[in-house]
1. Does at least one position in the range 42-57 carry a residue that is of a type outside the set (Ser, Thr, Tyr), modelled with pLDDT of 85 or more and not in a helix (DSSP H, G or I)?
2. Restricting to the range 43-73, name every residue that is free of Cβ contacts under 8 Å to residues at least 60 places away in the same chain and surrounded by 20 or more Cβ atoms within 10 Å (Cβ to Cβ).
3. Testing Ala154 on (1) modelled with pLDDT of 90 or more; (2) out of contact with any Asp or Glu (no Cβ under 9 Å at 6 or more places or on another chain), one condition comes back false. Which one is that?
4. So Lys189 ticks every box in (1) of a type in the set (Lys, Arg); (2) outside the structural domain of Val86 (by TED's automatic domain parsing); (3) modelled with pLDDT under 90 but one. Which box is left unticked?
5. Can you list residue pairs whose Cβ atoms sit under 8 Å apart, with the first residue in the range 128-147 being of a type in the set (Asp, Glu) and the second being buried (at least 16 other Cβ atoms within 10 Å of the Cβ)? Count only pairs 6 or more apart in sequence or on different chains.
6. Filter the range 60-99 for residues that are closer than 24 Å to Pro114 by Cβ and in contact with a His (Cβ under 8 Å, 6 or more places away or on another chain) and give the result.
7. Kindly establish whether Ala145 is exposed (fewer than 12 other Cβ atoms within 10 Å of the Cβ), under 22 Å from the mean Cα position of the chain (by Cα) and assigned to a loop (DSSP other than H, G, I, E, B).
8. Can you find a residue in the range 85-94 that is more than 31 Å from the chain's Cα centre (by Cα), in contact (Cβ under 8 Å) with a residue 40 or more places away in the chain and in a helix (DSSP H, G or I)?
Amino acid sequence: MKTSRINADKPHLWKADIAASVDRFNEWFMRFAAEAFRSTRVKTAEHVKAALFATNDLRSLNADTLKANPAALPTLRMCTAPPLAVDRLIGLASANKSLIGCMEEGKLAVRMKPELLAEHLGSVCRVLTKLLDRDIFPWLDNGKAPTDHERNRASTIVADRLCSAVANPIVRNAQEQRQLAMIGDFLDKRGYRKQPHPAGKPLREMEPGTYTFRLNLPVGKTVKVNIPVDVVIQPKKPPPAKTACRSSSKRSPRGTSPTRTSAARRRRRRSTNSRRPTARPCRSYSSCAATSGATTLATRLRRG
């Protein structure tokens, strides 16, 4: 089955799709991005409360507490005035960079000696305690336990700081889920079925009429590199692979030479091939990868 590229080599046809995509994103952002941010902030506020309880509402911020709750460090960095970046905290506390990096991931450096670990954690706690934002945590100056209202308010403020630091990834992740959901609905309505593809298995072995999301595609001959692909689709009628060579398998008998007619035919073929553009559309794909562009995808599927 002869196939060809649809719009990949026609950038002048992309403008309408790009404009429609931008308008669709702006509409989605105004309607749902705020909700995505707020829902993430609510979840983050619960993590902040857990860190407050673990440190006795910041009144027991010491090396032992931090050692027992290393995952609280990102929250504690946002409890200071001003909030501290990772590198800033490392510089102020003269702390081990590898240790702080591990704590940001919720664990401790396993190979560090206990006495050295206690020294670095103590230094971090001293910096955090000195810079705590006491306007957010008024109970630190009053010497009293916070009320539920004070704790909830402080947790929301710190959670907002945490989410603001990663606002773009929050919106980007929500937008990606929206895009994949739209593509999935588009394919489902046309009789395609979502089915995971085993890692390392050739794409040509995908079952016809199936698709999958987020597939790592290994490429390269001597050095294999995994390229992440958002969407991989196997048409319902995959085109056959294009043969690498079209020459005849028949050979002239030993001791004889090719006829003049066959030699002339080969010369004409070489001359024709030399006039062809070197970068021509590939026609050997049995599956197509798509990240966006419903118009291109729809045209491809109608033909497949």
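The values are calculated or read from the model by the stated rules, or taken from the named source; none is laboratory data. Remember, it's a predicted structure, so these values are computed and weren't measured experimentally. Don't worry about glycine lacking a Cβ; one is built from the backbone with ideal geometry, like all the others, and counts go over all protein chains shown.
1. Yes.
2. The answer is Ala51, Thr55, Leu66, Ala72, Leu73.
3. It fails just one condition, (2).
4. Of the numbered conditions (1) of a type in the set (Lys, Arg); (2) outside the structural domain of Val86 (by TED's automatic domain parsing); (3) modelled with pLDDT under 90, the odd one out for Lys189 is (3).
5. Taking only residues 6 or more apart or on different chains, the pairs are Asp133/Cys79; Asp133/Thr80.
6. Ala93, Ala95, Asn96, Leu99
7. Spelling it out, it is not the case that Ala145 is exposed (fewer than 12 other Cβ atoms within 10 Å of the Cβ), under 22 Å from the mean Cα position of the chain (by Cα) and assigned to a loop (DSSP other than H, G, I, E, B).
8. no
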